[in-house]
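Rule-based calculations on the coordinates, nothing more; no lab input. Computed from a predicted structure; not experimentally measured. Heads up, the Cβs are rebuilt from the backbone with ideal geometry, glycines too, and the neighbour counts pull from every protein chain shown.
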Amino acid sequence: MDQFTFTDNAKKIFLGMILIGILAIVYGVVDSDISGHRIWVSALINGWFFFGIAIIGTFFLAVNSAAQAAWGVVMQRVFEAVSLFVPIGALLLILVFLASTFHLNHIYHWMDPEAAAHDPIIAGKRAYLNLPFWWTRALIFLGVWTGITLWFRKKSLREDAEGGTKWYKKSMMMSAIFLVFFGFTSMVASWDWLMSIDVHWFSTLYGWYVFSGIWISGMVTVILLINWLKSRGYLPNVNASHIHDMGKWIFAISFLWTYLFFSQFMLIWYSNIPEEVAYFIPRMQDYTIPFWGMVMVNFVVPMLFLMSKTTKRNRKLLSIVSVIIFFGHWLDVYFLVTPGTMQNNGSVGFVELGMMIGYLGLFLFVVFRALAQAPLTVRNHPLMEESLHHHIN
Amino acid sequence: MTRERFIYGLYDDDEKMVAGIKALQAKGIHVRDAYSPFPIHGLEDVLGMKWTRLAIAAFLYGITGLMLAIITINYMMIIDWPMNIGGKPNFSFTENVPAFVPILFEFSVLCAGHGMAITYLFRNMTLPGLPARNPHPRTTDDHFAIEISEKENTKFSKDDLWKTIDASGVVKVFEKDRITKFI
């Protein structure tokens, strides 16, 4: 079973999920109690969350390739499939940015020329936060990320057809370029698209915090896909050691995320400077339980459940933990965006959940279509043999 | 200290050793341990090694470290001499806990790490000052050794054991005693 078939049943389910998302948007537009603002905020949350998951697919391929790591080769197609959502996620993000630029929503306060005129802090940031420069950055980042993602896919398919080590060597070069580029630009992107929501506030750790958040979301998505595919009898070459290593990644990046969250939080909490705590006060006072609950779930669940070797190899338990982390990190992105855009009026209702289901449906539709387009195992990868024999204790 | 005498078979190739172990096991001889200069994939499955409990010990050491740190910080910073640092609440442990988390974390890691290292050395009888445990100096270089206990193979006479090991592709068979218990 090397060829994945995207069954009609699965298609129907995903199209149904997309329909729920569209219904949620329609409901938000029709119901006069709900402002259109809420839909756009949800579009940014889900747009960033699923785009982040997708770009981590590319990132992880690049990490493996640049490090000449062999173990991930048997799972390469799953990472590729996830990464192929990048172009669509980029378009969905651009949609939100366009709406913000033309004042259909008020996510980015600094885009409003009226507000900026009376605000010395925004005026001071004009040299960086102005629409032409901001759009140039956004388009370059999204364009290059999309381009490299598609290049990786093309390279992988060409390698299948041609063999040899030519494409492997080329991909190492491209991975190195991508990692350097992504290392800088993912930071700048998180300032531009997320941190500039709370435009008076800044944090130098923010980029790493957001990056580690999408990293863990991407890894749990991939392990869920792998576990699902394995339960259907696909991916026979993925053995317990591969699953174990993926479990280690999830365990480790959960700690990285918590570490960065706490480092950012503690320094701000300790110094207690008004312009810095402005970020945490609304989150801690208006959203006390969900906010701290999100932090605790994202830290404690992986720590307790994935600490031992046996649980990391247990596909069922790993899947359950992954689902919890997946929603936990959706909530994390929710708290990156909502308090700055909705103040204390943020809620999770049909609009938010429906749109999340819709985006998830679209994401899965694209990923499954990409999985079905190529054999699930790469052929002719020079490190394939080593990956097949991957064995750890 | 309890010392025990073991029979060792020395091989000059890791694959020869794994094949030798399998051949001995097929004859019903129990091989209790193997020495190698590098990790050999699948060797612990061949030997039927039990999974290490060091991780459990590490967890317990970590918890102990955490508790010790909580007690000490609570005594020093809250009970004995509350200090005003940046206007933070200094009469309450819980309200001040974010400031203590780095120390709590570091001390847990310190205790877990040291506890684990000492336990490992203690359990393997390789504490500093003890004689080297490996039966032959070349097992840290390019040779491989298996360890067989006479007590665990009572079905065989010593001569039989010796001859069977000798026929399993070894370079050399020899006897040596080592410390097995501290009491």
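Assorted remarks:
- The mean number of Cβ atoms from other chains found within 10 Å of a Cβ in peptide A:74-86 is 0, as a whole number.
- Residues in the range A:125-159 that a label on A:Ile177 would reach, taking backbone N under 18 Å of a point 7 Å out along Cα→Cβ: A:140-159
- B:Ser92-A:Phe202 pseudo-label distance in nm [points 7 Å out on the Cα-to-Cβ vector]: 3.4 nm
- For the peptides A:73-86, A:228-241, the ranking by packing is A:73-86, A:228-241, with the highest mean count of neighbouring Cβ atoms within 10 Å listed first.
- Rg/Rh ratio calculated on Cα atoms of the range A:50-92 (Kirkwood radius): 1.03
- Near B:Asp33, the amide H atoms lying under 5 Å from its own belong to B:Glu147; only residues 5 or more places off or on other chains count, and H is placed 1.01 Å from N.
- Paramagnetic reach from B:Thr64 (point 7 Å along Cα→Cβ, amide N under 15 Å) across the range B:99-124: B:107-123
- Label zone at B:His114 (point 7 Å along Cα-to-Cβ), backbone N below 18 Å, the range B:47-73: B:57-73
- Normalised Debye scattering of the range A:68-186 at q = 0.14, 0.18, 0.20, 0.22 Å⁻¹ gives log10 I(q)/I(0) of -0.73, -0.98, -1.12, -1.28, counting only Cα atoms as equal scatterers and leaving out solvent.
- Neighbour count of at most 10 Cβ within 10 Å plus DSSP loop: longest chymotrypsin sites (Phe, Trp or Tyr not before Pro)-free window in chain B: B:92-181
- Based on Cα contacts under 8 Å between residues 6+ apart, the range A:266-393 shows a relative contact order of 20 percent.
- The protein assembly as shown - charge dipole about Cα centre, Lys and Arg +1 at Cβ, Asp and Glu -1, debye rounded to 20: 1360 debye
- Value of [θ]222 nm, deg cm²/dmol, for the protein assembly as shown, DSSP H segments ≥ 4, -39500 (n - 2.57) each, nearest 500: -21500 deg cm²/dmol
- Across the range B:54-123, the mean sequence separation of Cα contacts (distance under 8 Å, 6 or more residues apart), normalised by length, yields a relative contact order of 52 percent.
- Coarse-grained scattering of chain A at q = 0.10, 0.12, 0.14 Å⁻¹, given as base-10 log I(q)/I(0) from a Debye sum over alpha-carbon atoms: -0.67, -0.96, -1.30
- Projecting the Cα positions of B:Pro82, A:Leu92, B:His136 onto the charge dipole of the protein assembly as shown (unit charges on Cβ atoms of Lys, Arg, Asp and Glu, taken about the Cα centre) puts B:His136 furthest along the positive direction.
- Computed from backbone phi, the HN-Hα couplings of the range A:195-204 come to 5, 6, 5, 8, 5, 7, 10, 8, 8, 6 Hz, rounded to whole numbers (Karplus: 6.51 cos²θ - 1.76 cosθ + 1.60, θ = phi - 60°; Gly and Pro given as x).
- Cut-off under 5 Å, modelled amide H: who pairs with B:Lys176 long-range: B:Phe6, B:Tyr8
- All-pairs alpha carbon distance profile, the range B:1-64, 10 Å steps from 0, percent: 16, 40, 27, 14, 3
- Measure of compaction for the range B:54-123 (Cα Rg per 2.2 N^0.38 Å): 1.32
- Here the Karplus curve 6.51 cos²θ - 1.76 cosθ + 1.60, taken at θ = phi - 60°, turns the phi angles of the range B:16-22 into couplings of 4, 5, 4, 5, x, 4, 5 Hz, with x standing for Gly and Pro.
- Cross-link partners of B:Lys158 among lysines (Cα-Cα below 30 Å; sequence separation of 8 or more within a chain): B:Lys16, B:Lys22, B:Lys27, B:Lys50, B:Lys172, B:Lys176, B:Lys181
- Hydrophobic, long helices, defined as DSSP H runs whose alpha-carbon span along the helix axis is 18 Å or greater and whose mean Kyte-Doolittle value is at least 0.5, occur in chain A at A:8-30, A:36-66, A:86-101, A:166-193, A:206-231, A:240-271, A:288-305, A:315-342, A:350-373.
- Peptide-level mean, for A:266-272, of C-beta atoms on other protein chains within 10 Å: 3
- GNM on chain A, alpha-carbon springs under 10 angstrom: the most fluctuating residue among A:Met294, A:Met17, A:Met173 is A:Met173.
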